[in-house]
Every structure is written in C-alpha cells, then in structure tokens.
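Okay, structure first, notes after.
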Amino acid sequence: MKKSTTILSILQSILSQEEVESVVKEVGYEDKARKFTVHPLLQYWCTAAYEEWPSYRAGADRASLSGLPEVHYSRFSSKASEVPFAVFKELLHLLIRKCNREIRRKLAFPKELLLIDSTTVTVGKTRLPWAP
C-alpha cells in the first residue's frame, strides 16, 4: 500500500477538471487542444513547482515519472505561452476561496494578487536593497 500523497492527487481533489474548464470559459479563452488542455498544463506546473524542474525540456522528460501524460517540451512551452495569465489568476482565486478561514487568513495578501514569480536573479547586495 502506498502511503504517500502526491501533489496531483491533492490538486485533483480540490480543483476538478470541470471547474478548470468553467474558469477557462469565464475568462474567455478558447482552448482548441484535444489532449493537452489547460487542466494538464496546471498539473504540469504544479508538479514542476513541487519537484523544481529546471526547464520545459526537463519537465517533459520527467512527466511520466510523476504520473503525467507525456508531452513534447515544445508543446508544453507553446501551451504555456498561449494560455492567458488571467486563467491561472482566477484558478488561484478559486483555490483560495475553497480553503478554510484559517488558511485564508495566513495567506492574507495585502493587495490584489497580480503575479507570482519564482525567478532567481543574482545581483550585488548593494544594487537592489529592496530585493533580498
């Protein structure tokens, strides 16, 4: 018996594919893909963040090990660039609304969330004192 819980099983229990599709329609994005839609892209990004994949190419190579369908890295990259940011912003807001009050208080964002970025930029300490 497997005693570990993957990030994908948690994500699927919170956000169903139907909810993701309704958010996509609400934002006004028309998803023309048959296989690699917004829902698998969300799963790829969550797994990429959890496992700290360094690139789209590495992610495409490691996808099957994580239980994701195999997709060529160029398709992964082009799909990521064509889906508007507003879709994932609304999905994040939906996810936060589904959390209980204690979690929402811990996540209290001071202003409306506009962007989440984990890009590491190396600079001198004296160049950007506001960005440790």
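Bear in mind these aren't lab numbers, they're just calculated from the coordinates by the rules spelled out. Everything numeric in this text was worked out from a predicted model, so none of it was measured. Cβ: placed from backbone, ideal geometry, glycine included. Neighbour counts: every protein chain shown.
Using just the Cα positions, wrap region 7-106 in a convex hull and report its mean projected area in square nanometres, one decimal place. Here the figure is 6.6 nm², rounded to one decimal. When you filter the trypsin sites (Lys or Arg not before Pro) in region 1-93 for DSSP loop state and at most 11 other Cβ atoms inside 10 Å of their Cβ, you are left with 2, 3, 32, 34, 35. For the pair residue 55 and residue 70, label points projected 7 Å from Cα toward Cβ lie 2.0 nm apart. Estimated from the Cβ-Cβ distance and a Förster radius of 22 angstrom, the FRET efficiency linking residue 17 and residue 98 is about 0.90.
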